[in-house]
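Down below is the structure, laid out as structure tokens.
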């Protein structure tokens, strides 16, 4: 029968490992993490595309305009829509038009901006000529390869860039990101199990208190972890073991963006403790 002390230790270990997993999964690429954003919409050649661009933000008076978008209509703000709207754009004969502005929850509240009132000088036939837009408008397409819960960071199989100058489409460029791949070791607690099961516990000197080390690592185009360093160490023996076991991970995520390999940096906390030794040590 488990004692209260052993139950408490087991629960503490579970909580600690859960926290370690969260720390690992939230230190990708040194980016500040906000919520993944609802994309704007682009209608092109009969297709409705999501775009990871917000051309309306190029307007000089966008801040004052934002306050007038929906007038007295009730519109619901969400952290996934920081700009407070979702715009719809249409390309007709290589000319970009603003064709609608919806609230962030349009499908629920049906709130839509009055383009004629907002753009009286540019409004014509239900749309607004977007001659203020000069941008590379990115449309993610195909299969989602990697989801990132931050801004427009998720990776897709293809990316199409619409080169727009003063509202005119000058051309498109398609990038292939299909060489991206996700490793099983970056899913859930798989990495923690591999790390703690792979530690050579018998060759580590005994230490009364848990030893906590933070390792930074990244992988190459083949998914091989080839760069490892200690950010927060303890001593040479423990630091070397942390580096060794991280380098032994068989494969890691590979990222391609705009068709080019993108090296990303991860921070991994490793806890050398008696609890982890007893739970993960391979006999």
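The values are calculated or read from the model by the stated rules, or taken from the named source; none is laboratory data. Quantities reported herein were computed from a predicted structural model and do not represent experimental measurements. Methodologically, a virtual Cβ is constructed for each residue, glycine included, from the backbone with ideal geometry; neighbour enumeration extends over all protein chains shown.
Take residue 114 and tell me if it is surrounded by fewer than 17 Cβ atoms within 10 Å (Cβ to Cβ), modelled with pLDDT under 95 and closer than 17 Å to residue 64 by Cα.
Values: surrounded by fewer than 17 Cβ atoms within 10 Å (Cβ to Cβ): yes; modelled with pLDDT under 95: no; closer than 17 Å to residue 64 by Cα: yes.
For residue 114, the condition - surrounded by fewer than 17 Cβ atoms within 10 Å (Cβ to Cβ), modelled with pLDDT under 95 and closer than 17 Å to residue 64 by Cα - is not met.
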Being within 30 Å of residue 138 (Cβ to Cβ), in contact (Cβ under 8 Å) with a residue 40 or more places away in the chain and touching a strand residue (DSSP E or B) at 6+ places or on another chain (Cβ under 6 Å), is that true of even one residue in segment 241-252?
yes
Top-ranked residue in segment 168-188 [being out of contact with any helix residue (DSSP H, G or I) (no Cβ under 9 Å at 6 or more places or on another chain) and not in a strand (DSSP E or B); ranked as farthest from residue 92 (Cα to Cα)]
187
With the condition kept exactly as written, say whether any residue in segment 118-140 is over 30 Å from residue 72 (Cβ atoms), assigned to a strand (DSSP E or B) and free of Cβ contacts under 8 Å to residues at least 60 places away in the same chain.
no
Of all residues being touching a strand residue (DSSP E or B) at 6+ places or on another chain (Cβ under 7 Å) and modelled with pLDDT under 95 in segment 181-210, which is surrounded by the most Cβ atoms within 10 Å (Cβ to Cβ)? Just the residue, please.
182
At positive phi and surrounded by fewer than 15 Cβ atoms within 10 Å (Cβ to Cβ): does that describe residue 263?
no
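Table: residues versus (1) under 30 Å from residue 137 (Cα atoms); (2) in contact with a helix residue (DSSP H, G or I) (Cβ under 6 Å, 6 or more places away or on another chain).
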{"site": "200", "(1), (2)": "no, no"}
{"site": "203", "(1), (2)": "no, no"}
{"site": "217", "(1), (2)": "no, yes"}
{"site": "221", "(1), (2)": "yes, no"}
{"site": "280", "(1), (2)": "no, yes"}
